[in-house]
Amino acid sequence: MRRAALLTVILILAVPACGSDDPDSAVTTTEAHADSSTTIADGGSTTTAGAEDATGPFIEDLEFHDLEVDSGAEVTVTNRDDFAHTFSFDDESVSLSLGGGESDTFTTPAAGEYEIYCEIHGSMSGTLVVS
């Protein structure tokens, strides 16, 4: 009986720790990574105004889109979903935390291909092509 009770407690504590694509769980994860976010740009700005009209890379329906940019350009990344995502380079040189409908900017690195991912939704990844 004690084993069953202990197992139940462990499962109750362990299940919420597992990853989730639930938009509500994304907010807490984003806040946890906000302090470690960096960009190669001298600064960045986050905005929600006109997010649907922005050009450049964007996130929509849990996928990255328009991942071809010019080297040395200031690029705006827009999250078109209603919940949080990150736009993070594998080498950790760029990590943008974007709430639902928000945009942020960074300056692109040298020409090449850069693996990107969302820290919140592990299944989201792509390749940013900088020319």
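The values are calculated or read from the model by the stated rules, or taken from the named source; none is laboratory data. Please read these numbers as outputs of a predicted model, since none were measured by experiment. Don't worry about glycine lacking a Cβ; one is built from the backbone with ideal geometry, like all the others, and counts go over all protein chains shown.
Among the residues of the range 74-101, those identified as of a type outside the set (D, E, K, R) and under 16 Å from residue 126 (Cα atoms) are 77, 78, 79, 85, 86, 87, 88, 89, 93, 94, 95, 96.
Quick check, is residue 41 at pLDDT 95 or above, farther than 19 Å from residue 125 by Cα and of a type in the set (A, V, I, L, M)? Write out each step before concluding.
On the way: at pLDDT 95 or above: no; farther than 19 Å from residue 125 by Cα: yes; of a type in the set (A, V, I, L, M): yes.
No; evaluated as a whole, the condition is false for this residue.
Could you tell me which residue of the range 110-122 is nearest to the chain's Cα centre (by Cα), considering only residues that are modelled with pLDDT of 95 or more and in a loop (DSSP other than H, G, I, E, B)? Spell out the reasoning first.
Within the range 110-122, the first condition is being modelled with pLDDT of 95 or more, and the residues that meet it are 110-121.
Filter again for in a loop (DSSP other than H, G, I, E, B), leaving 110-111, 118-121.
Values: 110: 21, 111: 22, 118: 4, 119: 5, 120: 6, 121: 8 Å.
So, considering only residues that are modelled with pLDDT of 95 or more and in a loop (DSSP other than H, G, I, E, B), the one nearest to the chain's Cα centre (by Cα) is 118.
Taken together, the residues in the range 107-131 that are exposed (fewer than 14 other Cβ atoms within 10 Å of the Cβ), aliphatic (A, V, I, L, M) and in contact with a Leu (Cβ under 8 Å, 6 or more places away or on another chain) amount to 1.
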